[in-house]
Amino acid sequence: MKNEYLPYKVTIASIQKESFDTNTYKVVFDDEKTRDSFDYRQGQFAEISILGVGEAPISITSSPSRKGYLEFSIRAAGSLTNKIHEMKVGDSLYVRGPYGNSFPYEETKGKNIYFIAGGIGLPPLRSLINMTMDNRSDFGHIKILYGSKTPDELCFKQELDEWKKVENTEVWLIVDKPCDGWGCSIGVVTELWKDTDIHPKNAVAFVCGPPIMIKFVVQKLTQSGFKDKDIIMTLERYMKCGIGKCGHCNVGEKFVCVDGPVFTYEEIKKIPSREKVI
Amino acid sequence: MKLKKILQKDVEKLLGEAAKKWQTYVPSKNDEGDTLFAILPKEKDELEKALQRVNLKDDWVAISPKEIFFPQVENMFSFDKERITEEIETSKKLIFGIRPCDLKGVLFADEFFKRNLEDIYYLSRIEDRLIVTIGCNTPPRKEACFCTSANTGPFAKEGFDLELVDAGNYYLVEVGSVKGEEFINLYSAFFEDAGDDEAEKLNSIESDAKEAINVKVDFDKALEIMKGDKDLTENYKRIGERCIYCGGCVYTCPSCTCFNVFDDKLGDNGVRRRNWDTCVFRGYTREASGHNPRDEKWTRTARRYEHKLKYDYSVTGTSGCIACGRCLSSCPVNIGMSKFIEEITTNKRNM
Ligand SMILES: Cc1cc2nc3c(=O)[nH]c(=O)nc-3n(C[C@H](O)[C@H](O)[C@H](O)COP(=O)(O)OP(=O)(O)OC[C@H]3O[C@@H](n4cnc5c(N)ncnc54)[C@H](O)[C@@H]3O)c2cc1C
Ligand code: SF4
Ligand code: FES
């Protein structure tokens, strides 16, 4: 029987600053066997820890189509994540996983895709975005709609520029509080509906961000004619074990860590509203 | 195998022998007067003293025996700068004197820890265990036991290796498995065949025992109601007004399995541990952003009842409540599952 709770040592290979509170960490397993056997799918997460400080679930933001390393974009939110932000290239972390279900991939081939993210919601989607970019001809038109409070808080600025240049791909950015020289839209993500066509025909929408943002985006998508099953999102819930045991992420009869974190709006609707999943 | 019997005065000697071979857990009265499962020591004098504390009679075990396999706090692994060392417990265990409802709770937890990804800590602890249940001729928690309503007692029907039934100055012994039979063969000096009329006697003890259960509720109707869409918000809110969210019901519940994980560190050395946690605590779902989906008290009450009576049932086909009555008897403000069931099935307010 495998001990799912045992983490494996990784070394930080590079650190990329995304915004004032978020860094992307590229890590590599010290043990070669673990490196080769860590097979993950787009949308899954891992439990990351510093021994003696604690553990937290973090989405794997690298793409399974790019091998040999893992990437995590981590926002300094509490005791563990702040400690991680003090670390340098060459320092060690511990990782176990991968856990959870994943974004549908094969089923979305041939379709038009909307990626709609708010703030720290882009990292979980980035894994899937890069997978579609690496297999671009398998998909129809792609639109990435991304919003944050300030321009500084937008993650993956360089990649956003690169995705923009890919054929048949659009990137729409919006911020609440612009800075000097901001050339894109101003407002919340749903304001982008005014700027670009959002059309349900042969399309799926992937939505990721804070609960309040998801709520309004889902409303807009539904009004635009998207079916509940074509709206796909990830839920965040306080988690401890990541493997369906500790109970913290249990909503309705679902464990977000095992049955999720990816759910369709169709599934979300079955969860009692008082659970405030979105 | 035929029904067996063992003289009650021989049980102490049997336990004394078994303690040499097994890690033996048996209900024992502690200095404060509470009966809890305790391990019989192997050393002779200590063992003698411990055997005096054994209590198989009508007293109730305050904390459910789930703690034998799922301790209140347990080490998962220790670590230092160089390595991680996992801590797995696999002792050969004899659980002697567990009540039928609690056995249901243990079997429920077994299935839970096997589902999805396996939980190595729990599953290693149950790897080699022998379970001897003891039927309840009278309800140990007179005001709270409601096992006949849920069909979980007063006698066990399956899942035990041996079951004892109090028949006066001896116990009738039902054999439930090959392991149970081997146990009897190993200690054959203590057991004898029961007489031909004893099966009849067992039946009559059982029907008297059923009669003795005072608290009766319509359990099946409650499961039906919970399965449907009936809005019970008002009930949850009212119970939530009274509940002090101490978590006593959850800690004592045989089928509750939630835990928290934390690290303890001194210098370069440390341990990662887990301890019981509960969905009735406010911090249980609080995310690092401060967002807490179950910030309002009543939503935690709703969660607890729905988990036990709705979701456990839809996922496993059996209710998560095994009708032991501990939540009621441990509650400082007199809230409990049997009362909740009574309330939703009869529309009578009782909490
Ligand atoms: C599936 C999933 C994927 C995720 N992906 C990412 C990701 O890609 N990137 C990312 O940055 N984050 C992600 N998160 C969120 C991330 O897990 C949390 O930000 C992280 O757990 C914070 O851990 P921490 O130890 O730093 O915070 P902690 O300090 O441990 O805070 C966590 C908990 O501690 C308690 N707590 C904290 N402060 C207080 C206080 N003042 N008073 C009382 N209690 C308090 C709260 O209960 C809180 O829920 C993800 C979460 C999930 C569930
Ligand atoms: S909910 Fe109450 S009566 Fe039911 S098993 Fe748990 S403690 Fe016992
Ligand atoms: S995180 Fe422990 S059950 Fe989901």
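Legend: distances between Cα atoms for A:LYS2/A:LYS26; B:LYS42/B:LYS66; B:LYS57/B:LYS92; A:LYS245/B:LYS210; B:LYS57/B:LYS179; A:LYS240/B:LYS230; pairs beyond 30 Å are A:LYS245/B:LYS210; A:LYS240/B:LYS230.
When the Cα positions of A:LEU93, A:ILE50, A:LEU70 are compared along the charge dipole of segment A:8-99, A:LEU70 comes out farthest toward the positive end, with charges on each C-beta of Lys, Arg, Asp and Glu.
Per residue of B:288-301, how many C-beta atoms from partner chains lie within 10 Å of its own C-beta, taken as a mean?
Values: counts 10, 8, 2, 7, 2, 11, 5, 1, 2, 0, 1, 4, 0, 0.
Other-chain Cβ atoms within 10 Å of each residue's Cβ, averaged: 4.
For Cα pairs less than 8 Å apart in space and 6+ apart in sequence, what is the mean separation divided by the residue count of segment A:106-234, i.e. the relative contact order in percent?
Numbers: 215 pairs, mean separation 37.1, N = 129.
Relative contact order for segment A:106-234 comes out at 29 percent.
Computed about its Cα centre, the charge dipole of the protein assembly as shown is approximately 1400 debye, with only Lys, Arg, Asp and Glu carrying charge at their Cβ.
Applying a DSSP loop filter and a limit of 13 other Cβ atoms within 10 Å to the chymotrypsin sites (Phe, Trp or Tyr not before Pro) in segment A:224-278 leaves nothing. For segment B:2-211, what are the per-bin percents of Cα-Cα distances with bins 5 Å wide, up to the bin holding the maximum? Reading upward from the zero bin: 1, 6, 14, 18, 20, 17, 12, 6, 3, 1, 1, 0, 0, 0. Going from the fewest other Cβ atoms within 10 Å to the most, the residues B:ASP110, B:ASP220 appear in the order B:ASP220, B:ASP110.
Take chain A and mark each of the GluC sites (Glu not before Pro) that is in a DSSP loop with at most 12 other Cβ atoms within 10 Å; the longest unmarked stretch, sites excluded, is A:168-278. Arranged from fewest to most other beta-carbon atoms within 10 Å of their beta carbon, B:VAL132, A:VAL166 become A:VAL166, B:VAL132.
Set the bar at 29 Å for Cα to Cα. Now go through A:LYS227/A:LYS276; B:LYS142/B:LYS201; A:LYS215/A:LYS254; A:LYS215/B:LYS237; A:LYS254/B:LYS265 and name every pair that lies beyond it. If you can, show how the numbers build up before the last one.
Numbers: A:LYS227/A:LYS276 21 Å; B:LYS142/B:LYS201 24 Å; A:LYS215/A:LYS254 20 Å; A:LYS215/B:LYS237 26 Å; A:LYS254/B:LYS265 34 Å.
Beyond 29 Å: A:LYS254/B:LYS265.
What lysines sit close enough to A:LYS177 to cross-link, taking a C-alpha to C-alpha distance under 16 Å and skipping anything fewer than 8 places away on the same chain? Output for A:LYS177: A:LYS149. A DSSP coil position with no more than 11 other Cβ atoms inside 10 Å describes the following GluC sites (Glu not before Pro) in segment B:20-97: B:GLU32, B:GLU43, B:GLU82. Distance from the Cα centroid of segment A:10-45 to that of segment B:58-77 is 38 Å (rounded to whole angstrom). Amide H contacts of A:GLU18 (H built 1.01 Å from N, in plane; Pro and chain starts excluded): A:ASN23, A:THR24 sit under 5 Å, all sequence-distant by 5 or more or on other chains.
Legend: ranking of residues A:LEU122, B:LEU232 from fewest to most surrounding C-beta atoms inside 10 Å; resulting order B:LEU232, A:LEU122.
Just checking the listed ones, A:GLY78, A:GLY110, A:GLY187: in the Gaussian network model of chain A with Cα springs under 10 Å, the one fluctuating most is A:GLY78.
Give me the log10 of I(q) over I(0) for segment A:8-99 at q = 0.19, 0.23 Å⁻¹, as the Debye formula computes it from C-alpha points; what are the numbers? Evaluating at q = 0.19, 0.23 Å⁻¹ gives log10 I(q)/I(0) of -0.83, -1.26. For segment A:8-99, the relative contact order comes to 39 percent (Cα pairs under 8 Å, sequence separation of at least 6). For the pair segment A:123-153 and segment B:281-351, the centres of their Cα atoms are 42 angstrom apart. Counting Cβ atoms of other protein chains within 10 Å of each Cβ in A:246-255 and taking the mean gives 6. Computed over chain B, the percent of Cα pairs more than 26 Å apart is 54. For the residue pairs B:LYS4/B:LYS29; B:LYS216/B:LYS348; A:LYS109/A:LYS220, alpha carbon separations beyond 19 Å are given by B:LYS4/B:LYS29; A:LYS109/A:LYS220. For segment A:105-192, the fraction of C-alpha pairs more than 21 angstrom apart is 28%. The fraction of all Cα pairs in the protein assembly as shown landing in successive 10 Å bins from 0 to the largest distance is 3, 15, 22, 21, 17, 12, 7, 3, 1, 0, given as whole percents. In segment B:97-141, a dipole from Cβ-located charges (positive for Lys and Arg, negative for Asp and Glu) runs towards its positive end, and of B:ILE98, B:ASN137, B:TYR121 it is B:ASN137 whose Cα lies farthest in that direction.
The numbers here are math on the coordinates, done by the rules we state, and not lab data. The structure presented is a predicted model; accordingly, all values stated were derived computationally and were not measured. Neighbour counts run over all protein chains shown; Cβ positions are idealised from the backbone, glycine included.
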